[in-house]
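The values are calculated or read from the model by the stated rules, or taken from the named source; none is laboratory data. All figures in this text were calculated on a predicted structure; none of them were measured in a lab. Note that each Cβ is placed from the backbone with ideal geometry, even for glycine, and that neighbours are counted across all protein chains shown. Side chains included, ligands, DNA and RNA excluded: accessible areas come from the protein's heavy atoms. Shrake-Rupley method; radii C 1.70, N 1.55, O 1.52, S 1.80 Å.
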Amino acid sequence: MRVLVTGGAGYIGSHTVVQLVAAGHDVVIVDSFVNSSPKALPRIEALTGTPIETHSFDVRDEDKLSLLFAERTFDAVIHFAGLKAVGESSEIPVEYYDNNLGTTFALLRAMKRHGVRTIVFSSSATVYGETTEVPMHEELPTSSTNPYGWTKVMQEQILTDAARADENLHVALLRYFNPVGAHASGTIGEDPQGIPNNLMPFIAQVAVGRREKLQVFGDDYDTPDGTALRDYIHVEDLAAGHVAALEHLKTHPDVRVRAWNLGTGRGSSVLDMVAAFETASGRPLPYEIAARRPGDLAVCYADPSRAEAELGWRAQRTIEQMCADTWRWQSENPQGYDSAD
Ligand code: NAD
Ligand code: WQD
C-alpha cells in the first residue's frame, strides 16, 4: 500500500514509518516540524535503507494537501500530526482545537475528494477521562478533563460520524496508553523540546545529567507503593499495532469505524520505572517525592484483549526493554537530534 503518514517525523510516527517500510508499504510523510526535527529523516532513511518522500507543510494547508493527493495515489492515511502537551493545551486551547481538529477536517476532505478510504487515527487513553474502572475497555464512555483530551474525543466523534455518513470510509481509532522506549538501534527516539512533560523522557534526561532530579508526583495513592500506576508500552509495539490495524481495515471491509486499545494490560508504578531505569543505565536516579500533579489518575491500564482478538496484535516488550532502549537512545544522543553527529 502507499500510505500517507502525517506527523511521520515525530516520535511515534518515525518508528511506525520504519515498520511500514519493513512490511513492504510505500510511505509519504507530511510534517510541519512544529514539534519534531528534520534531522530525524536521514536516520529513518538509514533504518529503512530507502529514501522517504517527505513534504514539509502544515496539514491544515488544504491547497498543498490537495496538490499532494492529486499527484499521488494513496491507499490509506495514518494521522499522527497533532499537538499533544496536556498542560500547554490549557494555556493555548484554541491552538490545540484548531491544529488537532483542523488537520482532521483537511484530511477527511482531501480523502473524500480523491477517493482515499482508509484512515488510522492516533487516539489516546486520555479519552477515558476520569474513569476509575480498570482495566479500561473500549466500550467505556469518553470524556476529558483538559483541552488536549477533548480534541481526541472530538476527533474520534468526527471520524465516527464521517464513517457513518460514507459507507466507503474505514476508520481505526487507536487508543495508546503510555508510549515509551526507542528503536533498538538507538538512532531514533523521543526528543521533547524544553522541559519534558512525561515521566520517561524526564527520567532519561536526569540519568544523562541534563536535569538534576526527578520529582515523583505523589506517593500517597492507593497503590502498592503509593505512586501512580500506568500502562507503559514500547513504541515499537505501538508501531506494530498501526501496521496491524492498517492491514485489518484492508482485509475487513465490513469494519467501518472501530476503536482498539494499544496497551500491555499491566500497570507499573513511577518507582517501578525509576528502578528499571537505574538497572538499564547502571546509574542511580536521584528523585524526591513531590505533591500530586493535578488531574492525574491513580491507576490507568488497558484491557488490550480486543486488539489481540481482532488485530492479532499483542505488546511483546517489558519495561526493562523499554528502559534499556530509551537509555541507548538518550545516552548516544544526549541532546536528542541536536547532538553532534
Ligand atoms: P510528536 O509531537 O513527536 O509527533 C507529532 C508530529 O506531528 C510532529 O512531528 C509534529 O511536527 C507534527 N505536526 C503537528 N501538527 C502538525 C500539523 N498541523 N501539520 C503537520 N505536522 C504537524 O508526538 P507523538 O508522541 O509522536 O504523538 C503522535 C500522535 O499520537 C499525536 O496525535 C498524539 O496526540 C498521539 N498520542 C501520543 C501519546 C504520547 O504519549 N506520545 C499518547 C497518546 C496519543
Ligand atoms: C506518568 C506518571 C505522573 C512526570 C500523558 C497524557 C496522556 C497520554 C500519555 C497523550 C504519572 C508521573 C510524571 C514527572 C512524575 N498522552 N510523573 N514525575 O499523565 O499518564 O499521560 O501521556 O495522549 O494523555 O496525559 O503520563 O508520563 O506524564 O506521567 O512522577 O516528572 O508519572 O504523575 O503518574 P500520563 P506521564
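Computed quantities for the displayed model
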| quantity | calculated |
| --- | --- |
| DSSP beta bridges in the chain [antiparallel fraction, %, rounded to 5] | 5 |
| Helix 235-251 axis, angle to the chain major axis (alpha carbon atoms, nearest 10°) | 30 |
| Lysine pairs in the chain with Cα atoms under 21 Å, if 8 or more residues apart or on separate chains | 4 |
| Those residues of region 179-206 whose amide nitrogen sits under 17 Å from the label point placed on Lys213, 7 Å along Cα→Cβ | 202-206 |
| Accessible carbon and sulfur surface of the chain relative to its total accessible area, %, 1.4 Å | 48 |
| Distance (nanometres) between label positions extended 7 Å along Cα→Cβ at Ile195 and Asp26 | 4.7 |
| Per-residue [θ]222 nm for the chain (sum of -39500 (n - 2.57) over DSSP H runs n ≥ 4, rounded to 500) | -12000 deg cm²/dmol |
| Nearest 10 degrees, 0 to 90: helix 270-281 Cα axis against the chain principal axis | 90 |
| Positive-end residue of Phe177, Ala276, Pro38, charge dipole of the chain with Cβ unit charges | Pro38 |
| For region 208-341: rounded, prolate or oblate by the Cα gyration tensor [a/c cutoff 1.5] | oblate |
| Cα gyration tensor shape of region 1-80, rounded if a/c is under 1.5, else prolate or oblate by comparing a/b with b/c | oblate |
| Over the chain, relative contact order from alpha-carbon pairs under 8 Å, at least 6 apart, % | 19 |
| Low-density loop positions, GluC sites (Glu not before Pro), region 186-240 - DSSP coil, at most 16 other Cβ in 10 Å | Glu212 |
| Cα centroid separation, region 1-44 to region 282-316 (Å) | 25 |
| Cα long-axis angle, helix 147-165 against the chain (0 to 90 degrees, to the nearest 10) | 30 |
| Average accessible surface area per residue within the chain, 1.4 Å rolling probe, Å² | 42 |
